[in-house]
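Working notes for the structure below.
The values are calculated or read from the model by the stated rules, or taken from the named source; none is laboratory data. All values reported here derive from a predicted model rather than from experimental measurement. So basically every Cβ, Gly included, is an ideal-geometry build from the backbone, and we count neighbours across all protein chains shown.
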Amino acid sequence: MLTLTYALVALSVEQKKVLGRLLELQHEIQQKRSRKVVADQRQIESLLAQFVQLDEACRNRNIELYVLPAIRAATTENDSLLADIEALTAMGRIILATVRERLRQAFAQGSFNIEDVCNSLELYCQHLLKRLAIEDMHFLPLAQRVISSDEWFDIAAQFISHESEKQTKKTFDHMVPPAETPSHIAAVNQSNSDAYQAVI
């Protein structure tokens, strides 16, 4: 019983973190759309990078890695809903890839449509919100019903191991300088070139 309680609390905390981060990014979209904040290339690239990071974090959640596979193994009761959330995840990744490619082309041409970017990222948000709602309303209750106590013990152990791995990775990432965006690299290269020209 304590094992199940621990697992459910861990899942709830994880879901709330994802939802909170998603709502923060939605607010950023609204700011860009309202034109109260003038977005340049680096800001848009940064916003997209944050969505990609969120998407990767979602696919690395405990419910995704351990709980949903256990449900699939235990029952076919909600196979159609499993297919739905897999489709939502796939569409989200396609949206982000499409936005990235459109931005690449737009920046190469020297202009981009902020409204199109915001519309696409907002659609991604809607897909993820729908997935989170399905997980909370259907799969977490189903998991409590169809997954055995022994399986919950194993799942909880995987949660602990997974969290330890994430903390280790987070510590390592803090030791490594962040990757720079293409526009920033180009700006640095141009600055270096200008400085060189001034010298010679």
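Look at the range 49-65: where a residue is in contact (Cβ under 8 Å) with a residue 40 or more places away in the chain and farther than 18 Å from residue 123 by Cβ, no partner that is of a type in the set (Asp, Glu) and in a loop (DSSP other than H, G, I, E, B) sits 6+ places away or on another chain with Cβ atoms under 7 Å. Taking (1) modelled with pLDDT under 95; (2) within 17 Å of the chain's Cα centre (by Cα) in turn, residue 164 satisfies each apart from (2).
Hey, any hits in the range 124-140 for a residue that's at pLDDT 90 or above, part of a helix (DSSP H, G or I) and in contact with a Phe, Trp or Tyr (Cβ under 8 Å, 6 or more places away or on another chain)? Yes: one or more hits. Looking only at the range 4-12, decide whether some residue is closer than 25 Å to residue 102 by Cβ and in contact (Cβ under 8 Å) with a residue 60 or more places away in the chain. There is no residue in the range 4-12 that is closer than 25 Å to residue 102 by Cβ and in contact (Cβ under 8 Å) with a residue 60 or more places away in the chain.
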